[in-house]
Every structure is written in C-alpha cells, then in structure tokens.
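Chemist: Just passing along the structure, written as structure tokens.
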Ligand code: XMP
C-alpha cells in the first residue's frame, strides 16, 4: 500500500482527496515517462504512479484502481467513465425482459430454438427468457455426466420442467463418463477427457434434436469481451463460447444475455422466477466433481464426495454463515488413513473442506470459519458419511493455491 499524491487537475482524480491509499502490490515501476505524458500521481517509492496524455485521451495507473483496498478506486473509475469517456450511465434493466422477449419472438418467428443448459446461472436465465418468449419452440439439452453435486441433475430437471414451458431433454451418461475416465489420474488428462466426452455427447444430442432454426447460448458480456467482440480484442477463447462442429447447421446463434454482466443476469433471473438456489449458485467448474476427486475417478468415490459435500453445505447453511463465503465445497484427496470406530480399526477416506472469500476469484483468502462450526462439520462428516474417518480444513489462500485442487 502506498500513500499517493494525486494531481487535482487530472480528470480521473476530479473531486477526490489528494492523498489517498491505493493498492500497488509489486515493486516494478516506470522510470522514464513516454513522450507526451505527464505524471499526475506519485508515491514515496514510485515517481509515476499515475500518468496522462490528455491530447491522446490516455490515462494510466501503476496501481490497481479496481480493488477494494484502493480507497477511492471506484470514484476514479467513475470519473474515467463519465468525465473522460463521457459515458451517460443511462442503461436501465427495467424493461430488459419485455424488450428482449419481444426481440426474441420477432427473430425466432415460428422456428425452433435449442439451448445447451448446464444448470449454471447464465444458461438457466437464458432458458427462462427463451421459454417466456417462445415456450415449446424451445428445447433445452441438459447433459448429466454424473459429476454434479448430490441430486443436482434431478433439481435442474425438476425446476425447468415444472416452472417453465419448454421441451427438456436430459441426457444421462454417467456410466459412459466413468468408463472413459477409468485409470486416468493426471489432472489435465482428466479435464480434457471430461471436456471432449461432454461435447461429443452434447453435439450428438443436438444433431438428433435439431430441426433447423436457432442455437442459443447463455453467453454474457464478459464472455464476449474475453472472446473478442465489437471493439474488444481477443484475449482468450472463452469456454462459454462454444465452437460448433461444421456439419451442424443453424440459421443463427442467439445470445440473449450478451449485453449483461453477472449481477444483471441474476437480477433478470430473479424477475423470471428462477429459484434463488439457481440464481445465486456458486461457481461450479465445468468438469464438476472431476476436479475435486484427486486420482482416479470411480463411482464409489463420486458417491462419497457427493454425500460429504452435501453434509458440508447443509451445515454451512444451518450455521448462518453462507452469505459470508464466496465458495465452499468438499474435496476427496487420494488418501486413506487409519482410524478407530468403536472397537474396530478403520482404513478409510480423508475429506478436505475448502471455503474461500473473494471478490473476483483471481485472488482469494481461506475463510476463517469459527472453530465450533468446523467441529460440527467434522463430527457430521465422520458420523454421517460412510467411508469417511478423517477431515482436514484447507487453509491455503490463492495465490499460492488455486481455488480448486486440480
Ligand atoms: P481456480 O481453481 O482456477 O478457480 O482458482 C477459480 C474459479 O474458477 C472456477 N473453475 C472453473 N469454472 N470451468 C469453470 O467454469 C472450469 O474448468 C473451472 N475450473 C475452476 C473455480 O470453481 C473457482 O470459482
């Protein structure tokens, strides 16, 4: 952290305190200014903490304005948007649903539309919107690869068949995935196998179900930016932007959420009546529990992890601390340990529990869950979940750890 001196005449710092705490976590800094730039902020150690070239409309900071630790950071970003870029801030969500439904009806007409539904927030909200627009003309394809949380597949199916007008197609391919994953222990190979198999099953089903018309995706604005859209250069190909095999033909791709950020998607989801549990779901990795079972994935291990994860989540909810955690889940390391149960020696699974707090998932702190809650979780896991005789709590932040174990 550094105390900054900010140039009052710089539009980005307009109306802000001249000395302010900002976040600058690394030691590198610019020593020589580029031509045409002048310094508008410095710290004790960094001569050019903020620079500008008004003529070119370039503004640069050596610190992070976007993180919470920069006390006036959001005001700086606001100044940049409204005073430098002259954005109006007149985007309102109010009639988003009505106007989008109207546009979808116009575009789709009497044709069919197919959506890949994962049960995550984005595809669920896209499904809700499309259902409202065209009802049974919509087919949602949901692939259950058997690596979801306990009862999750049934919950997704029940939600969409009960609450929304659409054709819901569930592909149950749990056995097929287990067979494909047999003997694989390398994390990358597991991820690759799960991804390849998923899309194989998914596109096969799309071929079966498709009858021309449109293909819909729950892509949201950050996915579009990351994949290159409009004036945003390609940063990386995003997993939410799916490449379609050449032999599958649709009139067009529909992305009803492509102008929205996550919080806006959630607001739409709530208005559409999608259950709270789905709208406010924690991130869940594409390869599912596959990256939380270390070593070979087997049916038995999936069962142990699903049960343990369900008990952990239940106890967190009962303890009333769910809202303080950004993500929490159980992991099944490839470790068995010795224990005692009554008069018997056991040799059974170790369960690791992980809970983090974060704003952006790029960095994360391990959550300081109170000991009494950890004690209850540990008791319940060893008492209620067959084949679990030991529990450890992961106290690694990111970095150096990642959120997931694989
Ligand atoms: P890591 O483990 O990279 O996780 O620190 C950061 C966040 O991303 C989630 N995650 C994934 N999400 N597909 C996804 O859609 C994936 O393959 C994947 N891997 C990790 C993770 O749960 C955490 O929220």
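What follows is calculated from the coordinates using simple rules that are stated; it is not laboratory data. Predicted model, so just to flag it, every value in this text is computed and none were measured. Here the Cβ positions follow ideal geometry from the backbone for every residue, glycine too, while neighbour counts run over all protein chains shown.
Chemist: Classify segment 257-311: rounded, prolate or oblate, from the alpha-carbon gyration tensor (a ≥ b ≥ c, eigenvalue square roots; a/c under 1.5 rounded; otherwise prolate if a/b is larger than b/c)?
Modeler: prolate
Chemist: Using packing as a proxy for protection, rank 243-249, 207-213 so that the peptide with the highest average count of other Cβ atoms within 10 Å comes first.
Modeler: So the order, starting with the most tightly packed, is 207-213, 243-249.
Chemist: Right, next: Rg/Rh for segment 82-176 to two decimals, with Rh computed the Kirkwood way over all alpha-carbon pairs.
Modeler: Reported Rg/Rh (Cα atoms, Kirkwood Rh): 1.12.
Chemist: Right, another one. State whether segment 139-218 is rounded, prolate or oblate according to the following rule on the C-alpha gyration tensor (a ≥ b ≥ c being the square roots of its eigenvalues): a/c under 1.5 gives rounded; otherwise a/b larger than b/c gives prolate, and the remaining case gives oblate.
Modeler: Values: a/c = 2.58, a/b = 1.53, b/c = 1.69.
Because a/c hits 1.5 or more and a/b fails to exceed b/c, segment 139-218 counts as oblate.
Chemist: How high is the relative contact order of the chain, given as a whole-number percent (alpha carbon pairs under 8 Å, six or more residues apart)?
Modeler: On the way: 690 pairs, mean separation 45.8, N = 406.
Relative CO of the chain lands at 11 percent.
Chemist: Order of 321-332, 360-371, 302-313 by packing, highest average Cβ count within 10 Å first?
Modeler: So the order, starting with the most tightly packed, is 302-313, 321-332, 360-371.
Chemist: Another question about this same structure. Please state the relative contact order of segment 272-406 as a whole percent: Cα pairs under 8 Å, 6+ residues apart?
Modeler: Relative CO of segment 272-406 lands at 25 percent.
Chemist: Let me ask you something else. Return one quarter of the surface area of the convex hull spanned by the alpha-carbon atoms of the chain, equal to its mean projected area, in nm².
Modeler: 24.4 nm²
Chemist: Could you work out [θ]222 nm for the chain from helices alone, using -39500 (n - 2.57) per DSSP H run of at least four and dividing by all its residues? Round to the nearest 500 deg cm²/dmol.
Modeler: Rounded to the nearest 500, the figure is -10000 deg cm²/dmol.
Chemist: On the Cα set of segment 263-395, report Rg and Dmax in Å, please.
Modeler: 16.2, 56
Chemist: When the Cα centres of segment 93-164 and segment 25-40 are compared, how far apart do they sit, in Å?
Modeler: Cα centroid to Cα centroid, the span is 49 Å.
Chemist: To one decimal place, what orientation-averaged projected area in nm² is obtained for the convex hull of the Cα set of segment 1-156?
Modeler: Working: hull surface 60.0 nm².
Its average projected convex-hull area is 15.0 nm².
Chemist: Which order do peptides 73-79, 134-140 fall in by mean Cβ count within 10 Å, highest first?
Modeler: Ranked from most to least packed, the peptides come out as 134-140, 73-79.
Chemist: With 5 Å bins from zero, work out the P(r) of segment 66-117 over every alpha carbon pair and list the percent per bin.
Modeler: Using 5 Å bins, I get a P(r) of 4, 15, 12, 13, 12, 10, 11, 12, 8, 4, 1 for segment 66-117.
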